[in-house]
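The structure appears below as structure tokens.
The values are calculated or read from the model by the stated rules, or taken from the named source; none is laboratory data. Values in this document were obtained by computation on a predicted structure and should not be read as measured data. Don't worry about glycine lacking a Cβ; one is built from the backbone with ideal geometry, like all the others, and counts go over all protein chains shown. Just so you know, the surface numbers come from the protein's heavy atoms only, side chains and all, with ligands and any DNA or RNA stripped out. Shrake-Rupley method; radii C 1.70, N 1.55, O 1.52, S 1.80 Å.
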Amino acid sequence: MAIIHIEGMHFYAYHGCFKEEQVVGTHFSVDILLTLDASVAQQSDNLADTIDYQTIYQIVKREMMIKAKLIEHLAHRILSAVTAQYKAITFGQVAIRKLNPPLGGKMDAVNIIITTDDLPKPS
């Protein structure tokens, strides 16, 4: 079993419940952790036998550009899109940090972390 962890993907995006957040925007940081059987790739040294980090980044970037009110919803969209692209993923986790949220006081970030355990099970 292998763990792929892509950390600190930074985006300027327009997510939030307040109208101003969807107009002005703010900074976000996204981490994604994925587990899979990478034994074939470990022997083949072939990108086609594993998960392409660039593809993961492009999926995250695409989802980050679609406005959402809740980062919970956004995290769900990201993880759903990634696991749909790569069926070999046995477990996934997405963490989104909204930096400097407008909550009436000084704070670094608010965070949401979801896992594939939070996704609907296929029927």
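Tabulated results
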quantity	calculated
Residue with peak Gaussian network fluctuation, the chain [Cα springs, cutoff 10 Å], from Ala95, Ala75, Ala38	Ala38
Surface share of carbon and sulfur [accessible, 1.4 angstrom probe, percent] for the chain	55 percent
Accessible area of Leu103 in the full protein assembly, 1.4 Å probe (Å², nearest 10)	100 Å²
Candidate residues Val82, Val110, Val24: accessible-area rank, largest first, probe 1.4 Å	Val24, Val110, Val82
Per residue, the convex hull volume that the Cα atoms of region 28-87 enclose (Å³)	84 Å³
Length-normalised contact order of the chain in % [C-alpha pairs under 8 Å, at least 6 apart]	27 percent
Rg over Rh [alpha-carbon atoms, Kirkwood Rh] for the chain	1.02
Low-density loop cleavage sites - trypsin sites (Lys or Arg not before Pro) in region 1-102, where at most 16 other Cβ are within 10 Å (DSSP)	Lys67, Lys69, Lys87
Degrees separating the helix 53-64 axis from the principal Cα axis of the chain, which is the longest one	30 degrees
Degrees, to the nearest 10: 71-85 long Cα axis against longest axis of the chain	20 degrees
Lysine pairs within region 24-123, Cα separation less than 19 Å, 8 or more sequence positions apart or different chains	6
Cα centroid separation, region 65-104 to region 30-56 (Å)	19 Å
Within a Gaussian network of the chain (alpha carbon springs, distance under 10 Å), most fluctuating of Asn111, Asn46, Asn100	Asn46
